[in-house]
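The values are calculated or read from the model by the stated rules, or taken from the named source; none is laboratory data. Because the structure is predicted, anything quoted here is derived from the model rather than measured. Glycine also receives a Cβ, built like all others from the backbone with ideal geometry; neighbour counts cover every protein chain displayed.
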Amino acid sequence: MIAGLILAAGGASRFGSPKQLAELDGVPLLQHAVSAMVDVFAIKRAVVVLGARADDIREAVDFRGAETVVCDAWADGMAASLRCGIEALGDEVDWAIVTLGDQPRITPQVISWVTDEAAAAGDWVAAVRTTYDGEPGHPVALSRWLMDEVRSLRGDVGARELLAAHPVLTVEAGRDCRPGDVDTPEDLEELRA
């Protein structure tokens, strides 16, 4: 099974308020990431990892059938959120397609493309990683055996070190979308413009 995993647990210290709830195109920022993931036909299950202000976010966002889990250790960094999400997916998942809740411009088409590449990948592939003009980004598809290694991650890092140590298939998506992280109010204003 291929599942989706959206990481959205952070406290948004640089943003100054819960960025998951910041308005973009008339809906909360996180809504864009959720909708993009659940719109992909091959994604049979989606999990959204929340942390800071989880109750407020659950009230404001239409999760469209995606499950929410709360990472109690969200303040420990991205590794805690990733571990929590992988744990919530369980052992029946063959591939986890990971996106970030603060990247509202990742499209269902790019997620679908990465999903298709993961489904067709041989056993030698540990992950499928999207690049944008050669720079690594999301979505990232993690294979079952790489998901098992996520349990060792600590700190405010994602799976970057694990990806560097294993065979990764890259998919260039720079012509298809611009993911645009929203870390500050200025980042959000740039997306609105």
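Side notes on the structure shown:
- For the stretch 17-70, filtering for residues that are part of a helix (DSSP H, G or I) and either in contact with a helix residue (DSSP H, G or I) (Cβ under 7 Å, 6 or more places away or on another chain) or within 16 Å of T99 (Cα to Cα) (or both) leaves 16.
- Residue check for E149: among the charged types (D, E, K, R), farther than 23 Å from G11 by Cβ and either out of contact with any Lys or Arg (no Cβ under 6 Å at 6 or more places or on another chain) or assigned to a strand (DSSP E or B) (or both): yes
- Checked against (1) in contact with a strand residue (DSSP E or B) (Cβ under 8 Å, 6 or more places away or on another chain); (2) under 23 Å from R83 (Cβ atoms), E117 passes all but a single condition, namely (2).
- Among the residues of the stretch 108-126, those identified as crowded, with 18+ Cβ neighbours inside 10 Å and under 24 Å from L50 (Cβ atoms) are V110, I111, V114, T115.
- Any hit, the stretch 38-53, residues being at positive phi and among the basic types (K, R): yes
- Residue match in the stretch 72-80 (condition: closer than 19 Å to R160 by Cα and within 13 Å of the chain's Cα centre (by Cα)): yes
- Selection count where residues are surrounded by 17 or more Cβ atoms within 10 Å (Cβ to Cβ) and under 21 Å from V168 (Cα atoms), scope the stretch 86-107: 9
- Look at the stretch 45-59: where a residue is farther than 14 Å from P28 by Cα and a partner is hydroxyl-bearing (S, T, Y) and surrounded by 19 or more Cβ atoms within 10 Å (Cβ to Cβ), sitting 6+ places away or on another chain with Cβ atoms under 6 Å, you get V49/S81.
- Considering only residues in the stretch 8-24 that are modelled with pLDDT under 90, out of contact with any Pro (no Cβ under 8 Å at 6 or more places or on another chain) and of a type outside the set (G, A, S), the one that is surrounded by the fewest Cβ atoms within 10 Å (Cβ to Cβ) turns out to be R14.
- Test: V182 is over 18 Å from the mean Cα position of the chain (by Cα), surrounded by 13 or more Cβ atoms within 10 Å (Cβ to Cβ) and in a loop (DSSP other than H, G, I, E, B): no
- Qualifying position, being among the basic types (K, R) and at pLDDT 95 or above, among R58, R53, R83, R105: R58
- Options V140, V150; residue that is surrounded by 14 or more Cβ atoms within 10 Å (Cβ to Cβ), touching a strand residue (DSSP E or B) at 6+ places or on another chain (Cβ under 6 Å) and among the aliphatic types (A, V, I, L, M): V140
- Criterion (closer than 23 Å to P179 by Cα and of a type in the set (A, V, I, L, M)) met by exactly one of A79, A73, A88: A79
- Scanning the stretch 163-179 for residues that are over 17 Å from A118 (Cα atoms), crowded, with 17+ Cβ neighbours inside 10 Å and touching a helix residue (DSSP H, G or I) at 6+ places or on another chain (Cβ under 7 Å) yields a count of 1.
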